[in-house]
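Single-structure report; data block below.
The values are calculated or read from the model by the stated rules, or taken from the named source; none is laboratory data. Note that the coordinates shown come from a computational prediction; the quantities given were computed from them, not determined experimentally. Cβ sites come from the backbone with ideal geometry, for glycine too, and all protein chains shown count toward neighbours. In case anyone asks, the SASA skips ligands and DNA or RNA and just uses the protein heavy atoms, side chains included. Shrake-Rupley method; radii C 1.70, N 1.55, O 1.52, S 1.80 Å.
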Amino acid sequence: MLLAERGLTPTAARVRVLQQLLAADSAVTHQQLQQSAERGANPFDKVTLYRVLEWLVDQGLVHSVTGQDRVRHFSLIGSHHAHAHFECLNCGRLFCLQGLPALSDLGVPTGFVQEQFEITVRGRCADCALVPLAT
């Protein structure tokens, strides 16, 4: 398991959140995780879920991206920590973009130290692109 490999304590809540993130096809919001857990036998309370998500972000296992709606979306960090995202303007889903060229050199001025960057491409996802826009 991801937690044990890193010497981290695998609590039931942490394992369940990681399982939900692994199963997700796009980045998910706190509310989506909460609703998914409520359908299960042992729902999370909101505070526990927030704490687990923040802990996973702090441990470098999960990253969060804020969408246009100012809601944070969470997904696992794979081997692609430095990457861009695609946000669907129709359904609001947020996807990690894989296989991008190296974005580590963004032309940061001499003497500056780049530590983080966020690039988000916005448009319509494959599902929403199938539906014609209303005219």
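Split the chain at each of the GluC sites (Glu not before Pro) in a DSSP loop with at most 14 other beta carbon atoms within 10 Å, and the longest piece is 1-114. Taking the accessible area of the chain, probe 1.4 Å, and keeping the other protein chains in place, the carbon and sulfur fraction comes to 52%.
Which shape class applies to segment 1-81: rounded if a/c is under 1.5, otherwise prolate when a/b exceeds b/c and oblate if not, where a ≥ b ≥ c are the square roots of the Cα gyration tensor eigenvalues? Oblate is the answer for segment 1-81, as a/c is 1.5 or above yet b/c matches or exceeds a/b. Projecting label points 7 angstrom from Cα along Cα→Cβ for Val121 and Ala23 puts them 2.9 nm apart. Between Ser36, Ser75, Ser64, find the one with the highest GNM mean-square fluctuation for the chain; connect C-alpha pairs within less than 10 Å. Comparing Ser36, Ser75, Ser64 in a Gaussian network model of the chain, the most mobile one is Ser36. Relative to the Cα centre, the charge distribution of the chain, modelled as +1 at Lys and Arg Cβ and -1 at Asp and Glu Cβ, gives a dipole magnitude of about 300 debye. Under the definition of Cα pairs under 8 Å and six or more residues apart, what whole-number percent is the relative contact order of segment 1-62? Relative contact order of segment 1-62: 30 percent.
With contacts defined as alpha carbon pairs under 8 Å and 6 or more residues apart, what's the relative contact order of the chain in percent? Dividing the mean separation by the residue count of the chain yields 21 percent. The mean accessible area for residues of the chain, using a 1.4 Å probe and ignoring ligands and nucleic acids, is 65 Å² per residue. Report the longest stretch of the chain that contains none of the chymotrypsin sites (Phe, Trp or Tyr not before Pro) sitting in a DSSP loop with at most 16 other Cβ atoms within 10 Å. Excluding the exposed sites themselves, the longest stretch runs over 1-111. Measuring r between the beta carbons of Val15 and Thr110 and using R0 = 35 Å, the FRET efficiency lands at 0.20. Hull volume per residue, based on the alpha-carbon atoms of the chain and their convex hull, is 161 Å³.
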